[in-house]
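The values are calculated or read from the model by the stated rules, or taken from the named source; none is laboratory data. This structure is a prediction, so every number in the text was calculated from the model and none was measured. Positions of Cβ are backbone-derived with ideal geometry, glycine not excepted, and every protein chain shown enters the neighbour counts.
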Amino acid sequence: MKLNKVLAISGKPGLYYLESQTRSGFLATSLLDGKRMSVGIRNNVSLLSEIAVYTLEKEVPLSEVFQAIKEKENGGQTQISHKADKTELEAYFFSVLPDYDEDKVYASDMRKIIQWYNLLIDKGFLDAEDVVEEIEQEENQA
């Protein structure tokens, strides 16, 4: 499953799978509870494939960050909870992405990324072939 069909909706918990586009917005299914909902155009919606993490040199696509976490965790859930304190989150994130920009990447961003990763792993959205293919497509576009 690819990240270009997974949505993060501001003000709504968890992630959503994009089912279809309507005249007034989107039809999405929650990955948390499986409920379908209509999302209006006025909602702040982000595709996970469009999100990147700041590093000291460039912006790293979220798919690459997820791949680094997956390699560190051997394809399983993270060892750290998204509810861990700031210093633990920073230490964990530094082990995954050593050159992340500490001034631009906040603890709340790290919490979201860890929570999203665990949800996507749990639902089987981060199959190795799909993530590698998506990273290659992003590199070809750059």
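Quick grid of which residues meet (1) on the phi < 0 side of the Ramachandran plot; (2) surrounded by 14 or more Cβ atoms within 10 Å (Cβ to Cβ); (3) touching a helix residue (DSSP H, G or I) at 6+ places or on another chain (Cβ under 9 Å); (4) not aromatic (Phe, Trp, Tyr):
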| site | (1), (2), (3), (4) |
| --- | --- |
| Val6 | yes, yes, yes, yes |
| Ser24 | yes, no, no, yes |
| Gly75 | no, no, yes, yes |
| Val96 | yes, yes, yes, yes |
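Each residue in region 68-84 was checked for being basic (Lys, Arg) and either in contact with a strand residue (DSSP E or B) (Cβ under 7 Å, 6 or more places away or on another chain) or more than 15 Å from Phe125 (Cβ to Cβ) (or both), and 2 of them qualify. For Asp109, are the conditions met, namely being touching a residue at least 40 places away in the same chain (Cβ under 8 Å), outside the structural domain of Thr29 (by TED's automatic domain parsing), surrounded by fewer than 13 Cβ atoms within 10 Å (Cβ to Cβ) and on the phi < 0 side of the Ramachandran plot? Here the answer is no, as Asp109 does not meet what is asked. Only one residue in Glu88, Glu102, Glu64 is in the same structural domain as Asp127 (by TED's automatic domain parsing) and assigned to a loop (DSSP other than H, G, I, E, B), so which one is that? Exactly one residue qualifies, and that residue is Glu102. Gly11 satisfies every condition listed in (1) outside the structural domain of Gln115 (by TED's automatic domain parsing); (2) of a type in the set (Gly, Ala, Ser); (3) without any contact (Cβ under 8 Å) to a residue 12 or more places away in the chain; (4) in a loop (DSSP other than H, G, I, E, B) except (3).
Could you check how many residues of region 105-142 are at pLDDT below 75, over 18 Å from Val6 (Cβ atoms) and not in a loop (DSSP other than H, G, I, E, B)? Don't jump to the end; show me each part of the working.
Looking only at region 105-142, we keep the residues that are at pLDDT below 75, and these are 127-142.
Next cut, over 18 Å from Val6 (Cβ atoms) only: 136, 139-142.
Next, from what is left, pick out any that are not in a loop (DSSP other than H, G, I, E, B): 136, 139-141.
Total meeting the criteria: 4.
Of the residues in region 25-34, at least one is touching a Gly at 6+ places or on another chain (Cβ under 6 Å) and more than 19 Å from Phe125 (Cα to Cα).
In region 31-59, what residues are crowded, with 16+ Cβ neighbours inside 10 Å and in contact with a Leu (Cβ under 8 Å, 6 or more places away or on another chain)? Step through it out loud before you land on a result.
The first filter runs over region 31-59 and keeps only residues crowded, with 16+ Cβ neighbours inside 10 Å, leaving 31, 39, 45, 48-49, 51, 53-55.
Of everything in region 31-59, those that are crowded, with 16+ Cβ neighbours inside 10 Å and in contact with a Leu (Cβ under 8 Å, 6 or more places away or on another chain) turn out to be Leu31, Val39, Val45, Leu48, Ser49, Ile51, Val53, Thr55.
Put simply, of Val96, Val45 the only residue that is β-branched (Val, Ile, Thr) and out of contact with any Ser or Thr (no Cβ under 8 Å at 6 or more places or on another chain) is Val96. Within region 14-61, the residues that satisfy the criterion of being touching a residue at least 24 places away in the same chain (Cβ under 8 Å), assigned to a strand (DSSP E or B) and of a type in the set (Val, Ile, Thr) are Val39, Val45, Val53, Thr55, Val60. Residues considered: Val53, Val45, Val65. Of these, the only one that is among the aliphatic types (A, V, I, L, M) and within 12 Å of Leu126 (Cβ to Cβ) is Val65.
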